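Below is one structure; the comments refer to it alone.
The values are calculated or read from the model by the stated rules, or taken from the named source; none is laboratory data. Predicted model only: the values in this text are computed from it and were never measured. Note that each Cβ is placed from the backbone with ideal geometry, even for glycine, and that neighbours are counted across all protein chains shown. We work out accessible area using only protein heavy atoms, side chains counted, and drop any ligands, DNA or RNA first. Shrake-Rupley method; radii C 1.70, N 1.55, O 1.52, S 1.80 Å.
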Amino acid sequence: MTADEALEASALAAAQAVAREHGVACDEAVPIAAGSNVLVHLKPAPVVARVMTGTAVLHDDTEQWLAREVAVGAFLAERTDLVVAPSDILPAGPHERDGLWMTLWEFVPHDAQAPPPGPRELGRSLRELHAALADFPGDLAPLSEIRDWLERLLAELRPSPSLTGQDIDWLRVKLDALTPAVFESSLPAQALHGDASISNLLRTESGLVWNDLEDVCTGPVAWDLCGLVTSATSRGQSAAFIDELLAAYGDPGVEGLEAFLEAHALYDVVWQAYEGRRRPRAMTRAAASLALWREGRP
């Protein structure tokens, strides 16, 4: 059993144990996704556990971070059907079991094989999400917290054949250069999804539903918008597709996106390089993404 397989098995066992502790029948813990974290369907209950196996390293206080995610999810679920709601079958958490933190969410039936959303559907969905998030009354971390994560991860990277010391130094310089325009931007700020990508959308019978609120924060809407653009571009979508997505989102937020797009490219490279310490394929992707970025290509 590989280290990743062992970690996934631990996540499944921990999620199943939490469900049973709260009197919820869980005959089978089925992994839905296993990447930076592990998502587990606690069958037959309509509950999904999001078990932190990777991104918890970004935070000094994992419990507070996850409590914030649940609070935003509960707020949105009361006002819109645009998001996956926290579980109402058992406490949504955060829960800790055997050193692993998790939150619990409703299982939303969706079509994982459906064609990707069109540009207008994507743009409108994000705009509607932002409209709902704008009224969130709680305290959220500023976007500068993401800059802090990146600084921490860069400090832990070591030169390798895939990512040289010069590459790491270049990334540090870019982070410093992007900080005033992005992470300390003077643009109007509001509550954001934080990780608005196509991979965090579910296609349901009633439309698109946003998932994974781990990175909720406050900042300019351009951060989320560029996350969605970056996600679409990485899937091979054309410039015309992106223009249509931006038009569907509408003003404000669609002007002066270059620095925010660069910041997302930086985020992707740094995170993949960090993950590459335990997943060699991630380091390969980081090196390839960095090469394309430095050549000025998407």
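General observations
- Number of residues in region 74-106 that are modelled with pLDDT under 95, outside any strand (DSSP E or B) and in contact with a His (Cβ under 9 Å, 6 or more places away or on another chain) equals 2.
- Scanning region 178-187 turns up no residue that is under 24 Å from T103 (Cα atoms), open to solvent by less than 20 Å² (accessible area, probe 1.4 Å) and touching a residue at least 60 places away in the same chain (Cβ under 8 Å).
- 2 or more residues in contact with a Leu (Cβ under 8 Å, 6 or more places away or on another chain) and under 27 Å from M52 (Cα atoms): qualifying helices (runs of 4 or more DSSP H) within region 193-298: 221-234, 258-275, 280-294
- Against the test of being within 27 Å of G256 (Cβ to Cβ) and crowded, with 17+ Cβ neighbours inside 10 Å, the options L163, L175 yield a single qualifying residue, L175.
- Restricting R294, R235, R278, R285 to residues that are open to solvent by 30 Å² or more (accessible area, probe 1.4 Å) and either in contact with an Asp or Glu (Cβ under 8 Å, 6 or more places away or on another chain) or on the phi > 0 side of the Ramachandran plot (or both) narrows the list to R278.
- Test for R172: is it modelled with pLDDT of 95 or more and either in contact with a helix residue (DSSP H, G or I) (Cβ under 7 Å, 6 or more places away or on another chain) or among the β-branched types (V, I, T) (or both): yes
- Selected residue (criterion: farthest from L42 (Cα to Cα)) from residues of region 68-104 that are touching a Pro at 6+ places or on another chain (Cβ under 6 Å) and open to solvent by 10 Å² or more (accessible area, probe 1.4 Å): A74
- Note on region 105-129: residues that are open to solvent by less than 60 Å² (accessible area, probe 1.4 Å) and more than 14 Å from L208 (Cβ to Cβ) amount to 1.
- Taken together, the criteria exclude V30 from residues that are among the β-branched types (V, I, T), part of a strand (DSSP E or B) and open to solvent by less than 20 Å² (accessible area, probe 1.4 Å).
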